[in-house]
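The values are calculated or read from the model by the stated rules, or taken from the named source; none is laboratory data. Source: prediction; values computed, not measured. Backbone-built Cβ (ideal geometry, glycine too); neighbour counts: all protein chains shown. SASA here: full protein model, heavy atoms, side chains in, ligands and nucleic acids out. Shrake-Rupley method; radii C 1.70, N 1.55, O 1.52, S 1.80 Å.
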Amino acid sequence: MEKKDWTNSKLGAFWIKKTKNDKQYLSGIIDVQLPDGSTKKVSLAIYKNDFKKGNNPDFNAYQMESPENL
C-alpha cells in the first residue's frame with residue numbers, strides 16, 4: 001500500500017491508557033461514515049478480554065461518551 005492509500009484508509013487513532021487497577025486499554029476516536037456521506041466521530045475504549053474461552057474475542061470495544069459532548 002502506498003502512503004496516500006494509508007492516509008485515505010485511516011479511520012481514527014488510539015492511545016494506550018491504564019485503569020486505576022493498572023490494566024492497559026486503548027482509548028480513541030474513529031470517524032464513521034453515515035449513509036448520507038457525512039461522518040460522525042465515535043469514542044471507543046478497547047479492553048483485553050480477561051474471560052476469554054474458546055472462540056471468544058481477544059478484545060472487546062465499547063462506545064464511550066460522544067466527543068461532541070465532552
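Can you pull the percent of the range 21-70's accessible area that's carbon plus sulfur, 1.4 Å probe, other chains left in place? Write down the numbers at each step before the final one.
Working: 2080 of 4050 Å².
So the carbon and sulfur contribution to the accessible surface is 51 percent.
Could you please report the charge total around I30, scoring K, R as +1 and D, E as -1 over all other residues with beta-carbon less than 12 angstrom from its beta-carbon? For residues surrounding I30, the net value is +2. Across K23, K53, K41, mean-square fluctuation computed from a Gaussian network of the chain (C-alpha pairs under 10 Å connected) peaks at K53. Near M64, the amide H atoms lying under 5 Å from its own belong to S43, L44, A45; only residues 5 or more places off or on other chains count, and H is placed 1.01 Å from N. A 1.4 Å probe run over the protein chains yields, for the chain, 89 Å² of accessible area per residue, whole-number rounding. Pairs of Cα atoms nearer than 8 Å and 6+ residues apart set the relative contact order; for the chain it is 22 percent. Residue by residue, the range 52-57 carries 3J(HN,Hα) couplings of 5, 9, x, 8, 5, x Hz when phi is fed to the Karplus relation 6.51 cos²θ - 1.76 cosθ + 1.60 (θ = phi - 60°); x denotes Gly or Pro. For a straight C-alpha distance cut-off of 30 angstrom, the lysines reachable from K18 (same-chain residues fewer than eight places away being disregarded) are K10, K40, K41, K48, K52, K53. Backbone geometry of the range 24-39 corresponds, through the Karplus equation with coefficients 6.51, -1.76 and 1.60 at θ = phi - 60°, to 3J(HN,Hα) couplings of 7, 8, 9, 10, x, 10, 10, 9, 9, 7, 8, x, 7, x, 7, 10 Hz, x marking Gly and Pro.
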